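Only one structure is covered here, and it is reproduced in the block below.
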Amino acid sequence: MKPSEELGARNARAFDAPQGDLSGNPAIMAVAEAEGFARWLRSPSGFSTTGHRIASPAGQLSWAMFEWARNPYVLVITIYLFSPYFANVVVGNGVRGQALAGAIQAYSGIAIAILAPLLGAIADSGGRRKPWIALFALILAGAMIPMWFVLPHSTGWALVFAGALIALANVSYEFSAVFHNALLPTIAPPKAVAGLSGLGLALGNAAGIVLLLFMLIAFALPGLVPWSFIPAHPLWGVDQALHEPERLAGPVCAIWLVMFSLPLFLFTPDRPAANVPPLKAIVQGVTGVIRTIRSLRHYRNVGAYLLARLFFNDGMTAVLTFGGIYASSTFHWGPVPMLIYGIELSVFAVLGGFFGGWLDNRFGSKRAIFISIGGTLIAGLISLTIGPDRIFWFIPYAVDAPKIWSLPFFNTWPEVIFLATVNFIAVLITAGYANSRTMLARIAPVERMTEFFGLYSLSGQSTSFLATGFVSWLTLVSQNQRIGLLGESLFLAIGLLLMFFVHEERATAV
């Protein structure tokens, strides 16, 4: 008899015994609890999308939990806390800081563009994924921990060291995604892939909000507000005057990453080793990519869409990269308003996912893209017309005007209106990501859907440096942050113009 069958038989015999209120029997409760835990560890019948054994419920959940472990890096480090600190305090100048941050993103984007397709080929042909995930997760953690030593007003080699940490973290984060994403179809059946992917994204956003809240309550707010649920002093003796809350973002995210990555390595099964040499895997992968690109001459509509998406996706990447830097520099926001800003926008981003689905169902994918990406473009331009001394550019505002409320943050009308504007951006840009993915699902040939989604992912990775590099260059040339950010608007606009040549109709496989 199998162990699970023996456990079930013991359970049945125990319940047949005349013991009165069985729910209070410790032995029976232990058996029931053991059976429930075993069910979580037992692989269901059937096969995964790639024909392998389906992972247990615990294994599938652990795959999604890796997003909970990894994604706070994006919100806490790259958007809302550390990057604004780097641009405005470490570099010490908003214009130069924005240009340097853009250059770092562009250089790391070039490395990703060159190496990601090769690593993707290894992931597709080379078998095991988890050793690669472990490698890049450890590199990411190793790049975040030394961010504690990135001091204000750094120069020379200290500034080079800070930039190298950011670039290394960016690259390792993206490379960990290559192998983590490749693991998904090997552990879940086709009908469960989308739901598990969505769960991972939801957990990642939720984890980012949790960590932003922790940083706010534990380190940034203490001593600034007389609220009973806020500690009187920052935890661990953190000194706010030395910008230690911002510097601590790296080590906190590193600890979080290592701690919550463990379930993936304990419960999620890996694909068996394929014994394909890395060089052969790379050749096979690159050959497949070239073959897919050449086939686009038979799928001109899909090719036109991928070209349009290349531009507006780059523009959206730039919006996320520079949004926090611009806000903190323009309104001189420190860690407290930036953390609240990040929490609020993250919540609105969650709403954007639902809004994107509603747009798609109501208007179709093409019109939904015009609404979401076009709305992001318009709201982004409006946000550039708001500053501490003006609203919508033409309405002056006295910087010494009475505060509109007693809170120590967001207490002027320009700040409140700016915040409302970027809330719209958070909703629309999230909807735009959802609509762009659905658009390809509507127009690509069903028989080659996986192949075209691979090209879709590759096109996003291989050109991610264009918009950020252009914004960096434009900021340096103009010596103006607002003018520099017009570069991201240009990429969004080009993408929308190219969308006029795309038809929302399913291609037939050739």
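The values are calculated or read from the model by the stated rules, or taken from the named source; none is laboratory data. Keep in mind that this is a model prediction, so the values were computed, not measured. Heads up, the Cβs are rebuilt from the backbone with ideal geometry, glycines too, and the neighbour counts pull from every protein chain shown. These accessible areas exclude ligands, DNA and RNA; they are computed on the full protein's heavy atoms, side chains included. Shrake-Rupley method; radii C 1.70, N 1.55, O 1.52, S 1.80 Å.
Some points to look at:
- The slack in the chain from SER43 to VAL399, taken as 0.36 nm per residue of separation less the alpha-carbon distance, amounts to 121.9 nm.
- Range of Cα positions in the range 140-182 per principal axis (Å), largest first: 41, 15, 11
- MRE, 222 nm, helices only [DSSP H, n ≥ 4, -39500 (n - 2.57), over the chain, to nearest 500]: -23500 deg cm²/dmol
- Alpha-carbon Debye profile of the range 238-357, log10 I(q)/I(0) at 0.19, 0.23 Å⁻¹: -1.14, -1.26
- To put it simply, the accessible area of the chain at a 1.4 Å probe is 69 percent carbon and sulfur.
- Here's the picture: charge each Lys and Arg Cβ at +1 and each Asp and Glu Cβ at -1 in the range 202-308, and of TYR305, VAL258, LEU212 the one pushed furthest to the positive end of that dipole is TYR305.
- Projected area averaged over orientations for the range 343-393, convex hull of C-alpha atoms, nm²: 4.2
- Kirkwood Rh, Cα atoms: Rg over Rh of the range 359-417: 1.22
- Relative to the longest principal axis of the Cα atoms of the chain, the long axis of helix 335-363 makes an angle of roughly 60 degrees.
- The phi torsions of the range 216-228, fed into the Karplus equation with coefficients 6.51, -1.76 and 1.60 and a -60° offset, translate into couplings of 5, 6, 7, 10, 8, 7, x, x, 9, 10, x, 8, 5 Hz, rounded to whole numbers, with Gly and Pro shown as x.
- Using C-alpha pairs under 8 Å with a sequence gap of at least 6, the mean separation divided by the residue count of the chain gives a relative contact order of 23 percent.
- In a simple Cβ point-charge model (Lys, Arg +1; Asp, Glu -1; nothing else charged), the range 347-503 has a dipole of about 300 debye relative to its Cα centre.
- Taking the longest Cα principal axis of the chain as reference, the axis of helix 481-499 is set at about 50 degrees.
- Solvent-accessible surface of the range 299-428, taken per residue with a 1.4 Å probe and all protein chains present: 42 Å².
- Derived scalar couplings between HN and Hα for the range 466-471 equal 5, 5, 5, x, 5, 4 Hz in order, rounded to whole Hz, by the Karplus curve 6.51 cos²θ - 1.76 cosθ + 1.60 (θ = phi - 60°), x for Gly and Pro.
- Radius of gyration, Dmax [the chain; alpha carbons; angstrom]: 25.0, 85
- Probe 1.4 Å - accessible area at PHE424, Å² to nearest ten: 140
- Cα gyration tensor, the range 394-502 - rounded (a/c under 1.5), prolate or oblate: prolate
- Computed E for ARG390/PHE161 - FRET, C-beta separation, R0 30 angstrom, nearest 0.05: 0.20
- Folded to 0 to 90 degrees: helix 190-215 orientation relative to the chain principal axis, Cα: 50
- Residues whose amide H comes within less than 5 Å of that of ARG390, counting only those at least five positions distant or on another chain, are TYR397 (H built at 1.01 Å from N in the peptide plane).
- Dipole magnitude for the chain: about 1420 debye, using +1 per Lys or Arg Cβ and -1 per Asp or Glu Cβ, origin at the Cα centre.
- Shape of the range 137-219, Cα gyration tensor, a/c cut at 1.5: oblate
- Shape call, the range 203-256: gyration tensor on alpha carbons, a/c limit 1.5: oblate
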